[in-house]
1. Treating the beta-carbon of each Lys and Arg as +1 and of each Asp and Glu as -1, no other charges, what is the dipole magnitude of segment A:166-254 about its Cα centre, to the nearest 20 debye?
2. Along the charge dipole of the protein assembly as shown, which of B:Val50, A:Leu216, A:Leu317 sits closest to the positive end, that is, farthest toward it, with unit charges on the beta carbon of Lys, Arg, Asp and Glu (+1, +1, -1, -1)?
3. Within 10 Å of each Cβ in A:161-168, how many Cβ atoms from other chains are there, averaged over the peptide?
4. Please compute the contact order of chain A in relative form: average sequence separation of alpha-carbon pairs under 8 Å and at least six residues apart, divided by the residue count, as a percent.
5. How large is the dipole of segment A:173-327 about the Cα centre if only Lys and Arg carry +1 and Asp and Glu carry -1, each at its Cβ, rounded to the nearest 20 debye?
6. Tell me the accessible surface of A:Leu173 in square angstrom (1.4 angstrom probe, heavy atoms of protein chains only), to the nearest ten.
7. Just the number, please: carbon plus sulfur as a percent of the accessible area of the protein assembly as shown, 1.4 Å probe, no ligands or DNA/RNA counted.
8. Does segment A:5-165 come out rounded, prolate or oblate, given a ≥ b ≥ c as the square roots of the eigenvalues of its C-alpha gyration tensor, rounded meaning a/c under 1.5 and, failing that, prolate meaning a/b above b/c?
Amino acid sequence: MAEMMRTDSVMTSKDKREHVQIRIGYHRMDHKVDPGLYLIGVPSAASPVFVTSNYKLSFDALRTSLNGFDAYVLVLDTKGINVWCAAGKGTFGTDELVGRIESSGLKDVVSHREVILPQLGAPGVAAHEVKRRTGFQVIYGPVRALDIKEFMDAGKKASKEMRRVRFPLKDRLVLAPVEMKNFVLYALLFSIIGFLIAGAFGLAVVFGIYFAGLLLFPLLLPYLPSKDFTMKGMFLGGLISIPLVAATLCLWKDMDPIEVASFDASIVLMCVSVVGYLGLNWTGCTPYPSRTGVRREIYRYIPIIAAMAVAATVLALVAGLFDMGAWF
Amino acid sequence: MAGECSCQGAPSDAVNTLQYDMNRCVNCGRCSQVCPHGVFAPGDFKAQLVNYEACMECGACMVNCPVNAIKVESGVGCANAMIKSALLGRKEVICGDDCCK
């Protein structure tokens, strides 16, 4: 029998620090837990077995929800990926679960033949296969670890509500920092270009797009019109272009009206196309879009976005030429 | 894609590839249990496809159906991964070392 490790429900300051690091994308793939069988509390042979992935956030969500429980936690090796993503990839899967049940000697540790899995592990695990190969019955627990106590109190029955994925404000917002980090180099590059073309105002446009596409978008996701993420983004881009255009009309009263018009058209097209693209990029981080739907969105919107971005660049250059004309 | 079996759902302009062959269903209840969007609901004799549009093609129902009554081309609906794979001509990656950097 393999050795068992011990864990508890306490979040130390080190754990909390690591959670912050994860959320800002610091060493993103380095937050792993050792796979294997863990004890929490003082479990007996009759105690329940909960299964999770070896991603730090998943493991911590489970163990902190098991406060007061005497139980076993079986950690699968998902290469540091969360349960749902790993299930999609197949690493939180039938083979890994079967192998881990065997290598941990679970049969000799517990007297029952049940393992409780997070519901979102289901895309990777064929419950009937696990039963056939190990004798262990897979019980799908709630989507959220927080509901485990209620689930257990109800005799391992999940309510309809517990079985649904939700995506509340907090869950949406917590994703923003990583996305902002992923795009920060582009933002810097375009800040330089924006500044060269239109000075401080160019910077304002780039920052507006950056924050709209990566912070406001997840914040406003349920309220933006359309089911298509690109359309939602394009709508938001249109919205943020309004104050920018208004600012040019106020600030640049003395400029050639054609130059201002080219700039404004460029700003609107730039905001709509880039925030639309950033919106499309959010599909993978949210629990709604299907692969088929996203493929359709890509075919439908990418050509439009590309055309708008090209037009915006041309218009910005036209406006820039006006400036040059003024210099010579 | 649609119309190969005696399926429910799957209109021709489908936003997903979910197909459910009710004739095979043994009413074990797994699909209703594992679906995160309530696409299936338990019925008296057969599972019912009640919210076809909400399917995100995660594949949980198909994988856990013991009688292969459900088919769906599962995959992560991640535009980033799909665009990347199209541009670089590589296989589509799914959440992990190779993605989201």
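The values are calculated or read from the model by the stated rules, or taken from the named source; none is laboratory data. Computed from a predicted model, the values in this text were never measured in an experiment. Heads up, the Cβs are rebuilt from the backbone with ideal geometry, glycines too, and the neighbour counts pull from every protein chain shown. Accessible surface is based on the protein model in full, side chains and every heavy atom, while ligands, DNA and RNA are left aside. Shrake-Rupley method; radii C 1.70, N 1.55, O 1.52, S 1.80 Å.
1. Once rounded to the nearest 20, the dipole reads 280 debye.
2. Selected residue: B:Val50.
3. Across A:161-168, the average partner-chain Cβ count within 10 Å equals 2.
4. The value is 12 percent.
5. Charge dipole of segment A:173-327: 740 debye, to the nearest 20.
6. In the full protein context, A:Leu173 sits at about 60 Å².
7. 62 percent
8. rounded
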